[in-house]
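Visitor: Quick one: this structure, given as structure tokens, is what I'll be asking you about.
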Amino acid sequence: MSAKPRQKPAAADLKQERAVRTRALILDAAARAFADKGYPATTILDVAELMGATKGAVYFHFANKGALAAAVTEEFYVRLRASAHEVAEQGLAPLATLAELLTHTGVMFRDDEVIRAGARLQIEQSLIETDLPTPFVGYTETVTGLLRAAEGEGALPAGHDPEVTGRVLVSAFFGAQHMSWVMNNRTDITERVREILAVVLPGAVGVADGTDGTDCTDGTDVAGAAPAREAGN
């Protein structure tokens, strides 16, 4: 029996694929420009030149610079949620998950252009004519959920309220990443994360190091695991 000839993709499908690829390239270029120059100094021409296209190609997908900023910020939160999901899938105990989440997020702030752009756009929100999501809410919920799980297992130090500790950790983390950016271009961000954990949750540092029975190198934990809630905005 002869094989059926392969059908060629419809022209509309190919056009849609090109549009998706082009939009992704625009977002990457916009993130690079926003991260490096900030929102006020970035122009649509900057974005077009970075991706090797015309301004018309950018305007075809985004009505204005504010729409571009909103799209980059949305992708910022998509990546934060994906990071939280990736960390949760390692199957670590709550405090180990928390330590890994903060460390992994710090690395993203250092290395991921979209994350760096999203962080800067949030700071410059008052200068952007488009509304952006309220920052910190979803990430705080994720951190607090892990602290509640740790409390349920008896792993949270006495006197540490999950909600209060969660707010302190998130405030310290985002403040530290900003200072690390301004002072050292975030090259020391992982060290700053470890300092935060050592002061606020000393047990989390031991968990992350595997000194309390947790082996973070292969994702196993002798005390069991707990899932993390997804980080959002």
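The values are calculated or read from the model by the stated rules, or taken from the named source; none is laboratory data. No experiment lies behind these values; they were computed from the predicted model shown. Note that each Cβ is placed from the backbone with ideal geometry, even for glycine, and that neighbours are counted across all protein chains shown. Surface accessibility is based on the protein's heavy atoms, side chains included, excluding ligands, DNA and RNA. Shrake-Rupley method; radii C 1.70, N 1.55, O 1.52, S 1.80 Å.
Visitor: Would you mind telling me the share, in percent, of accessible area of the stretch 1-154 contributed by carbon and sulfur at probe 1.4 angstrom?
Guide: Working: 4210 of 7880 Å².
The C+S portion of the solvent-accessible surface of the stretch 1-154 is 53 percent.
Visitor: Using the Kirkwood radius built from alpha carbon pairs, what does the Stokes-Einstein equation give as D for the stretch 19-136 at 20 °C and 1.002 mPa s, in µm² per second?
Guide: Translational diffusion coefficient: 144 µm²/s.
Visitor: Let me ask something else about it. Give the separation of the Cα centroids, the stretch 96-140 to the stretch 144-170, in Å.
Guide: 22 Å
Visitor: What is the stretch 71-218 by shape, rounded, prolate or oblate, if you read a ≥ b ≥ c off the alpha carbon gyration tensor as root eigenvalues and call it rounded for a/c under 1.5, prolate for a/b larger than b/c, and oblate otherwise? It would help to have the intermediate numbers written out before the result.
Guide: Numbers: a/c = 1.82, a/b = 1.67, b/c = 1.09.
It comes out prolate by the Cα gyration axes.
Visitor: Give me the number: length gained by fully extending Ala198 to Asp13, i.e. 0.36 nm times residue separation minus the C-alpha to C-alpha distance, one decimal in nm.
Guide: Full extension from Ala198 to Asp13 adds 61.3 nm.
Visitor: On to the next question. Would you kindly compute the Cα radius of gyration of the stretch 113-153 and its largest Cα-Cα separation (Dmax), both in Å?
Guide: Calculated on Cα positions, Rg and Dmax stand at 14.5, 46 Å.
Visitor: OK, next. Assuming R0 = 25 Å, can you tell me the calculated FRET efficiency for the pair Glu129 and Lys55, based on Cβ-Cβ distance, to the nearest 0.05?
Guide: Using R0 = 25 Å, I get an efficiency of 0.85.
Visitor: Asp36 versus His160, label points 7 Å from Cα toward the beta carbon: distance in nm?
Guide: 4.1 nm
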